[in-house]
Amino acid sequence: MYSNKKSKKIISVMLTVFMLFGVNTLAANSITLSDPVVNIDTVSFTANSGQDGIREIAVQAYLEADNSKIAHIAQVVTDSKGNISYSFKIPATSPTGKYILRAEARGSEKAEKSFEFISIGDQKKILDAVAGDKNSIKQVLKQFKEFLFPGGTDADVENVATILYENKTQFTYTDETVTDVYKKAIEKANMAVSVMKALNGSSYAKLEEFFGTNKEILFGTTGLYEKYSSLSEERKNYFGANYLINFTKTVATYSDFRTKFEENYNAYNGMVIVPVPPAGASGGGGGGSSGGTRMEISGTSSPVNTVSGADSLFNDLGSSEWAKESIYTLYQKGVIAKAADGRFRPEDSVTREEFVKMLVTALNFSQSEVTADFSDVPADSWYAPYVRTAHSNGIVSGYSDNTFGSGRYITREELATMAHRALLKAGVTPASGKAEAFADAKDIADYANEAVYALKVANIINGSGNNMFLPKNNTTRAEAAKITAGLLKAFENAGGDVQ
């Protein structure tokens with residue numbers, strides 16, 4: 001038996017140990033608290049006590065800068081598993097600032113999250129600024145940016161100011177309606193930010209629908225949407241593809257978007273689209289351009305001065321004298337259209353779908369409705385009809401993973417293979433003969449070898465200096481122009497018409 005004195009000492013030690021470690025043992029469970037969702041003056045969140053059997057969670061919200069300013073305090077009953085889903089209103093007299101939401105339960109460690117709140121007085125201040133000019137809106141948005149859209153950029157401020165200013169008649173308030181009107185203004189501001197982000201991530205297939213759904217935000221009262229809606233479906237297709245390739249991810253503000261949109265509209269509204277000639281007519285020209293994309297390519301013969309004609313259409317052909325005749329001829333045939341900015345971009349690379357479009361159009365293949373089941377060719381994409389037609393005619397077969405290779409630049413040997421297959425399908429057999437081997441013949445893939453040399457004998461392709469073919473290099477627009485021109489000339493000379 002321990003003596004009474006010894007027993008007291010042991011108890012004292014145990015109490016000390018409990019005090020040092022016991023609290024943490026009891027509080028080993030942590031309360032779980034979600035991020036609060038603030039809707040103007042209402043805060044919503046969920047929490048879990050971290051242990052069964054705890055039937056209440058204490059909730060408190062207070063101003064971070066002054067914890068004596070308490071916005072809410074309550075003891076909330078949980079369900080049988082310790083969960084709560086709770087909302088509360090912040091008093092109208094609460095000041096603007098960052099608030100701390102704290103949740104505590106017996107036997108669990110407390111949890112804290114923060115949120116921002118804008119007072120009724122500052123809500124009025126924002127709405128009063130919205131009733132003024134655009135600069136006053138920008139100034140008040142910058143003042144409250146951390147509360148309105150934390151992490152927002154200067155472009156966000158510009159965009160929100162634009163949209164609020166254009167819709168300011170919607171935000172007239174009275175003392176009784178200030179919070180409801182402020183809520184409408186914030187909803188509009190959030191739309192201004194989200195629509196711009198969605199615009200720069202939109203796909204070709206959804207572009208027309210996106211413009212229609214968000215026309216109020218995107219176009220305001222400019223009348224641009226009505227102009228766009230008046231375009232034919234063909235011109236809309238060119239417009240959409242050109243917009244996505246040249247402008248998407250480069251537009252940061254609605255002002256910039258509207259300027260570029262109008263430039264694009266003016267280009268495609270005034271674009272000359274030469275109709276496809278009737279069956280049996282010579283020329284094999286197609287309708288339209290390359291879907292408004294980078295691929296606006298070539299031809300070979302014309303009764304007019306094709307060199308000066310090309311220069312009158314495009315302002316960047318100085319280094320591509322050898323391709324000017326081809327470019328102008330295909331423009332006359334309706335295979336290409338004049339770009340909005342007057343540039344041809346002869347050194348840019350060509351994608352697989354762009355070249356397929358050129359082949360199908362230049363050699364006058366009738367579009368096929370047979371499905372080409374490639375996983376990367378959406379049925380409603382601008383290039384789907386051309387890929388279907390090329391596939392059904394044996395011009396393209398795709399890759400082993402069931403993809404066509406959309407968006408990939410086409411190599412010189414891939415282009416030669418497609419061109420050769422298209423020419424044969426069009427009923428044109430290139431002249432026979434033996435061509436001198438290219439210096440880098442060993443680099444040409446087996447599947448492309450026959451096509452490369454058949455087109456070389458026909459003078460449709462040639463080397464790139466030092467008798468090199470460079471089969472793995474991407475094909476430039478100027479190169480594709482020259483080759484397409486050679487195909488078209490061979491097709492015209494044969495008098496063929498593909499149906």
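FYI, it's all coordinate maths here, none of it is from the lab. None of these values were measured; they are calculated from a predicted model. In this analysis, Cβ positions are derived from the backbone assuming ideal geometry, glycine residues included, and neighbour counts consider all displayed protein chains.
Observations
- Label point distance in nm, S85-D66, each placed 7 Å from Cα along Cα→Cβ: 3.6 nm
- Efficiency of FRET between K183 and D341 - r from beta-carbon atoms, R0 60 angstrom, step 0.05: 0.90
- Per-peptide packing, taken as the mean over residues of other Cβ atoms within 10 Å, places 129-135, 101-107, 324-330 in the sequence 324-330, 101-107, 129-135 from highest down.
- What the Cα convex hull of the stretch 59-191 gives, in volume per residue, is 136 Å³.
- Fully extending the segment from S464 to T174 would add 96.9 nm, taking 0.36 nm per residue of separation and subtracting the current Cα-Cα distance.
- Using 0.36 nm per residue and subtracting the Cα-Cα separation, the extra length available between N493 and R408 on full extension is 27.4 nm.
- Each label was represented as a point 7 Å from its Cα along the Cα-to-Cβ direction; for A435 and K110 these points are 8.1 nm apart.
- Eligible lysines near K324 by straight Cα distance, threshold 16 Å, same-chain separation 8 or greater: K333, K338, K482, K489
- Rounded FRET efficiency, nearest 0.05, which uses the C-beta distance separating A92 from T213 and R0 of 51 Å: 0.90
- Count Lys and Arg as plus one, Asp and Glu as minus one, and take only other residues whose Cβ is under 15 Å from that of I31; the net charge is then -1.
- For the stretch 345-494: rounded, prolate or oblate by the Cα gyration tensor [a/c cutoff 1.5]: prolate
- In the frame of its principal axes, the stretch 120-198 has Cα extents of 34, 21, 20 Å, reported largest first.
- Amide H partners (placed H, <5 Å) of S30, local residues excluded: E109
- Alpha carbon centroid spacing (whole Å) that separates the stretch 168-198 from the stretch 40-102: 27 Å
- Reachable aspartates and glutamates, given that their alpha-carbon falls under 19 Å from the alpha-carbon of K456 and they are not under 8 places away in the same chain: E413, E414, E436, D440, D443, D446, E479, E492
- Summing Lys and Arg as +1 and Asp and Glu as -1 over all other residues whose Cβ lies under 11 Å from the Cβ of A155 gives a net charge of -3.
- Phi-based couplings in Hz for the stretch 93-102 (Karplus 6.51, -1.76, 1.60; Gly and Pro marked x): 7, 5, x, 5, x, 8, 10, 10, 9, 10
- Virtual spin-label span in nm between A379 and A131, 7 Å along Cα→Cβ: 5.4 nm
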